[in-house]
Structures are given as structure tokens and as C-alpha cells.
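Structure record follows, encoded as C-alpha cells.
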């Protein structure tokens, strides 16, 4: 099966793939019809709200819910007592792993509250106002404990311990004392000592990044209904409803078959909607109250209790010869995991040097817990953090060697056959093509004005495949129903229809596509890892080819020809070879009309574990202007160049490039979690968690490079995540170009930039190249 | 909690609701009138997903009490397209958002459309900078705004020709 | 919580005075509703002032402009006479939040919310605005700089509220401007704000100057020394430097999530100078 699916079409002579049709769900989304997580209601539903810990670290001595339960209108309260403990078991969540022992504790604090905003109890009542009043009647007896937020402070001996039994994994021999270091990882290639000995110039720098939130505009929301016989329905905004089903069934001790999960339209996820928060609580409340329970997070709760991605402290060392050949790269990465282990330090370490063809690499990473919300996947989890640090050092090294930073990258770029430090040898990859496209792009050579600077950075993401099921039903009038199971966050339904239309030689308008609920289709892993167009695309191609095969079989039966004497061409079935012309061709519509008589309904389906995902490399160019008196950075020009393998719907590929760049601009310049000394988050809202607004950005130019993935029928690589890897490095390099100063911590907010400029003026730093008016 | 009777117009049609005094216009639209096209992203006026017009003025419906709507005329996303003999006709802004692929997840789209219409009603020929500043109160986390700004500019150009 | 929308000043005062619990006035609601949502406030009565005619209109005569305290920022911007005479005040009001916020936010609310960072207040201070206050003892007036005493605290007595703002008429040779620093280009609370109003004579000599500052102390400031540094000068580099020094000397900011002490002091001078330059262009026009 896989062989036929993976065969690459020889020429891109496509009729549909590569065009820009209007998406099938478009009209619903511009008219307000589309229903997102908070848009579902059931009669008799209750409002569910969560009581959250006001302390970053506290023992929960007791919880008294009796007063809350006595309040008229309160129908159920749940606490830690309503969830059985779970053993240690790691399962995939996006590209990261989660442990059920931790998940049950994250959705509802057990022994301790481990961060401000940690759920401690949940209430279901007949109105939001009553639920809110009930929260105030729950008495929690906390014993406040010392907290720790900073990664190095958390690693230090004597730091407040979050988990008494946490022994660092990946260290031999195992340490005999508990610490906040969950895990050590190491990736080594060659011999870095030898590599650095061969270098003419070595640059070693330390970096810091702050936790940043995915910032989806739609807060988490769900509606749960559990009936008296234990059968349950859940409507939820999620990147993967089969994954939600698995987590909820596990935490609530339900049979998987009893729980039907429907993915609503999803208002952004970026990795943050791959795990469960409210869903088990809503189900537990509904089971107790015997009424549907709707729960919607406030924006404040989204910031305090979901996401973000790690902040980190890092040390990066790179050496090169005078002629510009990198001889060794070394990194030490310390990533904040939040309250439970599972930071993306592993992928961060694997990505760090991936854009370069190196003989000697060593990257060591630490996964560190602290009194912050547990991190969730965020677009290329881990990659942008280490990428920022490495791309900054690469740039500084190029300048130290008096080499053009683009040429320096070209000279050392990963290519087909490069062995990555994390193991595999790359197949055909497009990094060199993106660098060459950058070099010939007018942006690269456009003149700059006073106090402006230009930066370049490259980035990498693996992309994944995974378990995928689709079904494609041929209707009696020749139209088709496509059911996919990976939630559509950014145009997936359009891309899938396009591949079906391409395969079957039909107009896209004849295919209606839906994201099926968990009852209507076999298992699908979530939308994440840039896998949905790749994996569901692979499956719809297989399902389409099954339809074509069945259509041929039916015609063969009708014509009394052997099955292989009939072929499917451009939406019609006709006799082939020696029998060509013997019968007039039959359209798919005609085949559909006679399906009942020729053997029954025609349905193509595909259940695969999609292999062959291929990495995507990108290169970004950015121009900035610095206000030397205020430290403000303005992005004045931005160009994203990335290998898509093949762009099924180029507009949505561009959209991924532009959106990733915009998130990167926020990460680089203004976004950060700000805590007070009390361990409480001070900017839990869009007012002071400053995502880019429309007036902060210029148009974002894009160049789609296409180096097809040979293991996908249309050459698709994932495109969604790579775009957020290069921006921070590119912007840091542009600011360095404009100011002459290097910034080693994010965000490069105006107070930080101004302080550095002022310090350089005071000390007479010769590198400072800003012009003051 | 005593409820107040509030009568107003939504998209031209008269409506009456019983409204708790602390309920926002957004709550009333979504929960009482079941007009869920208007979205809730923050409840603090920082994201623009709940944008509506009140007597033609663009506002965040999360920052207005439902009781304040008495006697007013509210415009929501559900009223942006128009009905003709041939059925629903999309507003040029809706059509351009589709053609320019100016949405990915779509949660911010109703707010952007309402805000963009309020702009073009006042300024039929906005510059890119004017579009960007007018829409600065509408957050989009998916698109980087590029295709949204292009769609609004293109719709404005079409409307000027009409 | 109850909601009332009286149509006269007297009726509003009666409601406020009679309320046994906590009463709050509502104008644009862009701060009040956030405070209700986040449980910072839990009033028993909301008194909506927007149905009181005097609070909803802008009038002008030889004595200048009278702006109702419940007029929205968007309405200010659409008033041609006001925009021509006091562009700095109108700009400041229109920097408060987004277009959507400007559809609702009012000068009265921006002042009485008593935030040190309120955008319109430094501009109003620079413009010598006075406020008309109505309460149980009738009407009284205050200079705008005397209204806010500390964060979340005003000089208003129980049952009092601001009815309107008085601004002088447009005079030749005067110009005002307001600039602020924020990390993004829109949507942030001012990290530093500076309002400047200048008058120059035919020879280009500065005859009067007022400088208002926001977000650099516990309340918006009138920095008399900064204005004095400019009066009598030709607004040359040296005079501007004196003004900048006076501005920085007046700053007593805090470190918080929006900026550091050092940053605010430094940038207050920069922003005040740039606002001066813009006000001067307008005074010359």
C-alpha cells in the first residue's frame, strides 16, 4: 500500500495542486456561521468554573467544598478526590511527551499547588454568576512553600524542590539526591575538542530567552455531556480530538468507546491545544451533575495555566577556520519545563546545529522544573530557542572572519547526505536553495538608511507523520464526502480537497469535506508537527486511488473485461490497451449512479501510519530601524524563504510563513512572562503580554522554494513550524547590524536596547555605530 | 438579581431581552440572542474579536453593558452580508477576505470584518498605514496581518469603483 | 448590582448620594467594565451618565470649548473646530486603546480612573484645561492637574462627578502636542507621556509654555520648571536641553512590567523634547 502512495508524480503538471481556490469552510468563517469551542450549547447546560491557586508553591492541606455545594444553583464540585492517581507513563503530545502521573496533577492539583493558577477545584452551577460565587465559598487550607522561577536557581543545590522524588534521568551513575533537573540529554557527533583545536576563531556566548505564550485568540473551551449509562459526548476546541479522548478516558477511567469527542472549529493552537486542561474537569462535573457542563477559560487563565513554551539559558560555542569552514559547535541548553517535566529541550538540542554540515557537534540539554505553568508545545517546540542562540553566534563568527553571513551559511549549509548530530542523514533538503534565493532576492541588496540594519538567519524543523485515517464516499450523484480527522487550523480542508480533486480529475466543488468526530472515523493523531497536510494528504491520495480502482472494477464488471483492462483518466473510466474505444468512457458520476447495481456503495478509505516526513529549512531576511534615543526597534522589511517540498495551496503556505514570522517578531521584541517576587504572573492579558498588532508589522514577503519530498505523493513537506525558528536570530542579527551591539537576551525590548546603547555611549564602545540626532 | 427589559435593534431587526445588569453586550448577543458570530477573545477590550457597531460606531461589545444598548442599533457579523433574490450576497470585504485567503483559523475574522467595514464607511481610500492603525485593536495570531491588509485595501478599491 | 441611566445632573447626584452600598459612575466604561470583569470592583449601583445632555456634547464660544465628560474620543476627533484648536488634546484622547476603545472612552473616564498613565491628562494639563464638577453641593471647578491625587484616588468628594472640560479658544501663535512612548505602536499603556503647549510671539520667542507628564510619578504632573525653561527663549537647543533636564528632575517613576526607572526618566526627556518640537511647528503654522 505504502509503495503506491509514496510514488512521486514525475512532473508537476497539476491542474488543481498549486492553485489558490477559496477554502471550503471560507464562507462559514466570514459570515459568523462557523462554530468554535465556545459556540456550542445544550439544553440544561451548567456553567463550569475553576478555582486556581493564588500561590506559586503550596501544600494543599485540605479543601472544604461544603459551603459551595450548599449554595443554591450549584450542582457539582470536583477536586483532587475525584481523579484516581495515575502511574508514570509517557505518551506523545505533539512532538513532546507527557506523563499521565503529571497530567492528572496538572489538571487538578493533588499534594501541592505548583504554580500560580494551578487548578484546585472546579464548580458547575446553573449560571456563571452562581459558579463564580461558589468558587469564593471553597475553603482551601494552603501551607505556602518557597518557590523558584529561574532555571539556574531551580538547578542549584538547595533550591525549593517541586517533586520530592525527582532523580535526574540520563545521568550515569544516577544522582542519589532529588533535584529539579528532570533529565539530561546529549547529542554528540565527532570530537568537538579536536574540532575547536582546528579552529582559527572561536566564539562562545551565553543567551537567555523568556517563556512566551502561543497566544491563540480563542481561549480553551469545551462542552461535556455524560449520561446516566456512562456514555459521554465532548465538544472541544483542540488540535487532536482522538488525543483528547485518550487522555480523558484515561483520567476518568472510562472505556474509550464510551466517549465521543467532536472537534469544533479551532481558533488557533500553535501546539498549545494538544493537551487537556478543562476537558477532564467538564466530564467529571457532568458525570456528577448529570447535566451538560460548559467551560470556557478566561484570557487570564489562558496565560496563567496553559502553554507557554520554555524560557532558557544557553551557552553556545562555535569555531571556524579562517577560510570560513565551521570546525565544531557546542551547546549547553537549560530549558524551563514549568511545574512538570517535559520541556522541549530534546528537540531544541537536536535542532540547534541542524542547518549546518558539521563534523563535530556536542549539545547537552537539561529539562528543569520550576513554579511556572507546565509548558506545552509551541510551533517547532524548542527549535526557536536554540536556533536564536546558534544563529546569533554564526552571525558574529562570520563578521569576525570578515565573511558575508549569507556566504558563510552557504559554505557550511546542510545538504543531501549531511549527517545530523541527532542521527539521521538528510535526504534531499532545500536549505542551500533558500540561501541562494535569499542571495538573489532584491531585499538582500537593497540600500539601508541611517540607524537601519539587516539580519539573516536560517532554521530547521523535522516535521512528523503518524497515525492517520480518512474516508472518501462517492455519493449517488457523483459528488464526494471526505472525512478527515486532523483538525483544520489553517486551510487543511482546502488542501485535502485539492489533492482529491487532482487525483480524481474532478472539480474541487464536488467534494465536501468535514473533520469527523471520533465516532465516525478511525484513529487520528493530532494536528501538530506540521503533519496534517503531509499525513492526511497521503491518506486522501490513497483513498482517492481506491475510489479510482473500484470505479475501474465496476466498469470492468459492466463491460465484462478483466479489471486491468480498464483505466481511470481525468474523471472517467475507459477501456484501456487493446480494448481502447470498445466502450464509451463512463464518468465517475455515471459509475456512482449505477453503484447499487454493480456491487454497492463505493467508499475509499485509508488508515496509515504516515512515514517519510521530511524536514523543511527556511531562511529569513529582516531590516530594522533603531530609535537611538528610546531603544525602539521597528521592523521595516521582512522576507521569508522556505522549502515547502510542494505547496498544495500556495496562499496557505505563504500564510504559515507570514504568521510564523509575525510570532517570531513578538518573541524577539516584546513578548515575555513577567513575574513579581511573589511568584505571580503580572501580565496575564493581551494588554501587557504584547503580541504584534497590525501597525507593528510591514508586509511580509515570501518565497516558496520547492524541493519535493520524494516520500510524499505530491512532494509535501510540513511548512507550519519552521517559519518561527529563524526570526529571533534574524532580528538579533539585524539589531546588531544597526547598532553594532550584540543582544544576548530576549525580548530585545526598548528598555533593554536603550540600556545597552547608553552603556556603550558611557564606556565609549567603538562598536556602537548608531547616529544620534 | 433583577433583570432589566432591554429593547434594541440587531442588524435592523427589533429584539427584546431580559438582561442582568452586569451582562455585557457580548454576553447578550451570544447567550441571549444566540448570535455566536461575535467572538470572545479576552473580555478586556484588548483583542477586538468581539467588535460590533453601535449606532454605526465601532466598539468592543465586551466593554459595553447589555442594558446600555436600549434603543440603539447594533451591527454584527451576521448582518454583514445582504439578501437578494439570488440568496445571500457577501459584502465585498467578505469576498476579498476569501479571495486573498486572509484568514487561517478564522476566530478573529468576524471582528476584522466589522472593524474594516467601519473604516471603509468613513474612509473609502485608506492608505496601508491607515488600515494598519485602524485595525491595531484587532489581534490576529495566524496571518501576520499581510493578507488581511491586502484584502481590506482591495475591497476598498472595488467599493470605490462601485 | 443595579443599573440606572438618569437624564439630569441632579438625578445622577441623588442616585449616588442615596446609595447605601458602593456606587460607580459609568461613562465610556472601558476601564470600569474591565474592573468589574476582573473583580477589582463589586459595586451595588452603576450610574450611567451618557443620557445627560450636557455631558454628551461639545460647545464652543468666545471663551473657548466646553467638552462633555462623556463625549467619546472618536467624537472629539470628528469635531473639526476642536481638532484644529487643540490637536494635541485630540491626539492624546485618540491614543487611548484601539479604534474600538476610542468609540467609547471619554475624557471624564480617562481622568477619573486616576491612572498615572492616562494619555489625555498630560495633554489637558498642558492645555490649561479646567474641569467642571457637579455634586451634592452644586458646581465647582478645578484645574485638571488638581483632580488626580494618587493612583485610583481623585479630589472628587462623595457624590461628585466631572461634567465637562473647559479649554481656552484657539489663539494665534500657540500650539499643543502630546506624544507617548509605548513598546508597540498601538494598544499599550503609556510608559511615558508628555503633553506640551507653547505660545510664541512674532519674533519666535516663547511667551508661555506648559509641560504635562504622565506615567513618571504617582499622578500626572504639571512640570512648571520645564515650562519656565522655555519661556523667554527662542526654543533653541539650549532651552530644550534645560526643559529636558527639568522634566527628568521631576520624574519619580517606578520599575514595573512596562518600564524601568532609568528608562522612564531618560525617555521622558526625549518624548517631552519631541512633543515640544511638534507643538512649536503648530505654533508657527
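The values are calculated or read from the model by the stated rules, or taken from the named source; none is laboratory data. Everything numeric here is computed off the predicted structure, so don't read it as measured data. For neighbour counting, all protein chains shown are included, and Cβ atoms are generated from backbone atoms with ideal geometry for every residue, glycine included.
Observations on the structure shown:
- Within the range A:299-341, the set of residues being touching a strand residue (DSSP E or B) at 6+ places or on another chain (Cβ under 9 Å), in a loop (DSSP other than H, G, I, E, B) and at pLDDT 95 or above comprises A:308, A:310, A:311, A:321, A:322, A:339, A:340, A:341.
- Residue that is nearest to residue A:127 (Cα to Cα), among those in the range A:281-302 that are within 14 Å of chain B (Cβ to nearest Cβ) and surrounded by fewer than 24 Cβ atoms within 10 Å (Cβ to Cβ): A:296
- Screening residue C:97 against (1) under 24 Å from residue C:17 (Cα atoms); (2) within 14 Å of chain B (Cβ to nearest Cβ) leaves a single unmet condition, (1).
- Residue list for the range C:131-145, filter: closer than 22 Å to residue C:16 by Cβ and in contact with a strand residue (DSSP E or B) (Cβ under 9 Å, 6 or more places away or on another chain): C:131, C:132, C:133, C:134, C:135, C:139, C:140, C:141, C:142, C:144
- Residue A:124 vs. criteria at negative phi and in a strand (DSSP E or B): yes
- Test: residue in the range C:64-76 that is out of contact with any helix residue (DSSP H, G or I) (no Cβ under 9 Å at 6 or more places or on another chain), outside any strand (DSSP E or B) and free of Cβ contacts under 8 Å to residues at least 60 places away in the same chain: no
Residue-wise test of (1) outside any helix (DSSP H, G or I); (2) surrounded by fewer than 24 Cβ atoms within 10 Å (Cβ to Cβ); (3) within 14 Å of chain A (Cβ to nearest Cβ).
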| residue | (1), (2), (3) |
| --- | --- |
| C:197 | yes, no, no |
| C:203 | yes, yes, no |
| C:209 | yes, no, no |
| C:218 | yes, yes, no |
| C:232 | yes, yes, no |
| C:247 | no, no, yes |
| C:273 | no, yes, yes |
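- Looking at the range B:1-109, the strands (runs of 3 or more DSSP E) lying wholly inside it that each contain 2 or more residues that are within 8 Å of another protein chain (Cβ to nearest Cβ) sit at B:51-54, B:57-60.
- All conditions but one from (1) in contact with a helix residue (DSSP H, G or I) (Cβ under 8 Å, 6 or more places away or on another chain); (2) over 24 Å from residue C:153 (Cβ atoms); (3) surrounded by fewer than 24 Cβ atoms within 10 Å (Cβ to Cβ) apply to residue C:238; the one that does not is (1).
- Check on residue A:223, within 14 Å of another protein chain (Cβ to nearest Cβ), over 19 Å from residue A:307 (Cβ atoms) and buried (at least 20 other Cβ atoms within 10 Å of the Cβ): yes
- Qualifying residue in the range C:196-203 (condition: out of contact with any strand residue (DSSP E or B) (no Cβ under 8 Å at 6 or more places or on another chain) and over 30 Å from residue A:684 (Cβ atoms)): yes
- Within the range A:625-676, the residues that satisfy the criterion of being part of a loop (DSSP other than H, G, I, E, B) and under 28 Å from residue A:414 (Cβ atoms) are A:644, A:645, A:646, A:647, A:648, A:649.
- Per the listing A:756, A:738, A:730, the residue uniquely surrounded by 22 or more Cβ atoms within 10 Å (Cβ to Cβ) and more than 30 Å from residue A:533 (Cα to Cα) is A:738.
- Given (1) out of contact with any helix residue (DSSP H, G or I) (no Cβ under 6 Å at 6 or more places or on another chain); (2) at pLDDT below 95; (3) over 30 Å from residue A:264 (Cα atoms), number of the condition residue A:529 does not satisfy: (3)
- The range B:110-134: number of residues that are in contact (Cβ under 8 Å) with a residue 12 or more places away in the chain and part of a helix (DSSP H, G or I): 16
- Criterion: more than 9 Å from chain B (Cβ to nearest Cβ) and under 19 Å from the mean Cα position of the chain (by Cα) - qualifying residue of C:24, C:51, C:18, C:56: C:56
- All conditions in (1) more than 14 Å from chain B (Cβ to nearest Cβ); (2) in contact (Cβ under 8 Å) with a residue 60 or more places away in the chain; (3) in contact with a strand residue (DSSP E or B) (Cβ under 7 Å, 6 or more places away or on another chain) hold for residue A:264, with the sole exception of (1).
- Among the residues of this structure, residue A:368 counts as one that is under 24 Å from the mean Cα position of the chain (by Cα), buried (at least 24 other Cβ atoms within 10 Å of the Cβ) and not in a helix (DSSP H, G or I).
- Flag if residue C:186 is within 14 Å of chain B (Cβ to nearest Cβ) and either in contact (Cβ under 8 Å) with a residue 60 or more places away in the chain or not in a helix (DSSP H, G or I) (or both): yes
- Of all residues in the range A:402-422, those satisfying the criterion of being modelled with pLDDT of 95 or more, more than 16 Å from residue A:621 (Cα to Cα) and in contact with a helix residue (DSSP H, G or I) (Cβ under 7 Å, 6 or more places away or on another chain) are A:413, A:414, A:415.
- Residue match in the range A:580-589 (condition: assigned to a helix (DSSP H, G or I), buried (at least 20 other Cβ atoms within 10 Å of the Cβ) and at pLDDT 95 or above): yes
- Checked against (1) out of contact with any helix residue (DSSP H, G or I) (no Cβ under 9 Å at 6 or more places or on another chain); (2) buried (at least 20 other Cβ atoms within 10 Å of the Cβ), residue B:63 passes all but condition (1).
- Yes/no for residue A:651 being buried (at least 24 other Cβ atoms within 10 Å of the Cβ), within 11 Å of chain B (Cβ to nearest Cβ) and at pLDDT 95 or above: no
- For the range B:135-162, filtered to residues that are assigned to a helix (DSSP H, G or I) and in contact with a strand residue (DSSP E or B) (Cβ under 9 Å, 6 or more places away or on another chain), the residue that is nearest to the other protein chains (Cβ to nearest Cβ) is B:137.
- Identity of the residue in the range A:23-42, in contact (Cβ under 8 Å) with a residue 12 or more places away in the chain and in a loop (DSSP other than H, G, I, E, B), that ends up surrounded by the most Cβ atoms within 10 Å (Cβ to Cβ): A:23
- Inside the range A:677-727, residues that are at the interface with chain B (Cβ under 10 Å from one of its Cβ atoms), in a loop (DSSP other than H, G, I, E, B) and in contact with a strand residue (DSSP E or B) (Cβ under 7 Å, 6 or more places away or on another chain) make up a count of 2.
- Any hit, the range A:641-648, residues being in contact with a strand residue (DSSP E or B) (Cβ under 6 Å, 6 or more places away or on another chain), surrounded by fewer than 23 Cβ atoms within 10 Å (Cβ to Cβ), more than 26 Å from residue A:542 (Cβ to Cβ) and within 14 Å of chain B (Cβ to nearest Cβ): no
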